[in-house]
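The structure under discussion appears below in the form of structure tokens.
What follows draws every value from the coordinates through simple rules; no lab data is involved. This one's a predicted model, so the numbers in the text were calculated from it and none came from an experiment. Every residue, glycine among them, receives a Cβ derived from its backbone with ideal geometry; neighbour counts consider all protein chains shown.
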Amino acid sequence: MADRLTGYRILILETREEAQFSRLLAEQGAEVVQCPMFTIHDAPDPAPVEAWIRRFIDKPCDDLVLMTGEGLRRLMKGARRIGVENAFIAALGQSRKFTRGPKPGRALREIGLEPQVTTEKPTSEGIAEMLSRFDLKGHRLGLQLYPDKDHSRLTGAITAQGAQVDAVLPYVYDPQAAETNIITAIDEMAEGRIDAIALTSSGQIRRLFEVAQARRCATRLREGLARTPIASVGPVVSDELETLGLRASISPADGAYFMKPLISAMAVELAKNPPRAAVSNES
């Protein structure tokens, strides 16, 4: 079923797994227009991250919550930097591991480990709801955080269950680096040169509007989105779109909230109309 997207220009805003998403789309023949939302860097002060890794090795947490695959990969990078990679993996193996969606699970498998529990809802609220089903009283719980999110409600919910939270933030975002690319992407949509925009996190659409408002082109962004099919990876993204008065016209089947099902859904929906480049060439 290769080449189902040949001739279609797909705009992607993925940052953490941009290369993988781009490759999967290209395998289906799509022309991928990449627009990462921000640049990711290690935490500017490595000392707290390294101290967390050493604490985890000295006394592995009873439970570990991984919010992102990027977070675990950055922690592994830190462990390698200080020469404790194998000891850290061994310590991780002793904890009961909870993951927020499938991406942290994939990162665990890269180091030979498996999550014990994965959230049905890949959100902070979903994590809190999942953990509420377990007895955490007296547990030390390691919590890998991600940037630009207030995690106080989640940590509060965990401590209310009697657990001690040991949190770590292993990376930061640099949003300014991508603003020029974001404006170019907005122009591409507004001028009808994109066949679909694929959204894989709620933060992507928020970031689009933040930049558009700062650059005084929010109206142009809405015009572009109105004429461009929006593909959403799942309900979290679709709900965010609705808060902004937008609707996803493409989404995978219920429960299949991954890149491959999203690409398949795009192929089915976009096949109903020729690529816009082909229409332009005919006219």
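Based on the inverse mean of 1/r over its pairs of different Cα atoms, what is the Kirkwood hydrodynamic radius of segment 121-251, in Å?
16.9 Å
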Exercise for review: For helix 69-81, report the angle its Cα long axis makes with the longest principal axis of the Cα atoms of the chain; keep it between 0 and 90° and round to the nearest 10°.
Suggested key: 50 degrees
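Magnitude of the Cβ-charge dipole of segment 44-169, K/R +1 and D/E -1, about the Cα centre, nearest 20 debye?
220 debye
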Check your understanding: Which whole-number percent is the relative contact order of the chain (Cα, under 8 Å, 6+ apart)?
Key -> 21 percent
**Study point:** Largest-first principal axis extents, alpha carbons of segment 99-186, Å
**Key:** 50, 30, 22
Revision key, fill the gap. Rounded to the nearest 500, the 222 nm mean residue ellipticity computed for the chain from DSSP H runs (n ≥ 4, each -39500 (n - 2.57)) alone is -14000 deg cm²/dmol
Review point. Using the alpha-carbon atoms, what tilt in degrees (0 to 90, nearest 10) does helix 18-27 show relative to the longest principal axis of the chain?
Key: 40 degrees
Study note, to complete from the structure: Given the candidates Ala51, Gly93, Ile127, the one whose Cα lies deepest towards the positive end of the charge dipole of segment 44-169, counting +1 at each Lys or Arg C-beta and -1 at each Asp or Glu C-beta, is Gly93
Exercise for review: Just the number, please: percent antiparallel of the DSSP beta bridges in the chain, rounded to the nearest 5.
Suggested key: 15 percent
Review point. So which lysines can Lys149 reach, going by Cα to Cα under 25 Å and dropping same-chain residues fewer than 8 places off?
Key: Lys77, Lys97, Lys103, Lys121
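Suppose a student asked you for the relative contact order of segment 44-169, using Cα pairs under 8 Å spaced at least 6 residues apart; what percent would you report?
This gives 29 percent for segment 44-169.
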Review point. Can you work out D for segment 44-169 in µm² s⁻¹ from Stokes-Einstein, where Rh is the Kirkwood radius over C-alpha pairs, the temperature is 4 °C and the viscosity is 1.567 mPa s?
Key: 90 µm²/s
Revision key, fill the gap. Kirkwood Rh over alpha-carbon pairs of the chain plugged into Stokes-Einstein at 25 °C, 0.890 mPa s gives a D in µm²/s of 122 µm²/s
